[in-house]
């Protein structure tokens, strides 16, 4: 499957956006008084899992976008590439 240039860039930007949004979200959750009361609370643990999964998926999506861009660059060099 070949991704178009706009789709590839969208995926890369989505991944970058994830790395701007989720760490800030985690910082806010970490400072919330509901996060700690004699140790980590389910409130913190649930949000921590959400952040980790979102960062992993965001990274994977960005990698797909980068691979799409690299594939387009490679196909332009080949005879008959689009």
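So the values come out like this:
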read-out	value
Boolean, residue 75 is in contact (Cβ under 8 Å) with a residue 24 or more places away in the chain and surrounded by 14 or more Cβ atoms within 10 Å (Cβ to Cβ)	no
Where a residue in the stretch 1-15 is in a loop (DSSP other than H, G, I, E, B) and its partner, wherever it lies, is at pLDDT 95 or above, with Cβ under 6 Å and at least six apart	3/68
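The values are calculated or read from the model by the stated rules, or taken from the named source; none is laboratory data. Everything numeric here is computed off the predicted structure, so don't read it as measured data. Every residue, glycine as well, gets a Cβ built from its backbone with ideal geometry; the counts of neighbours run over all protein chains shown.
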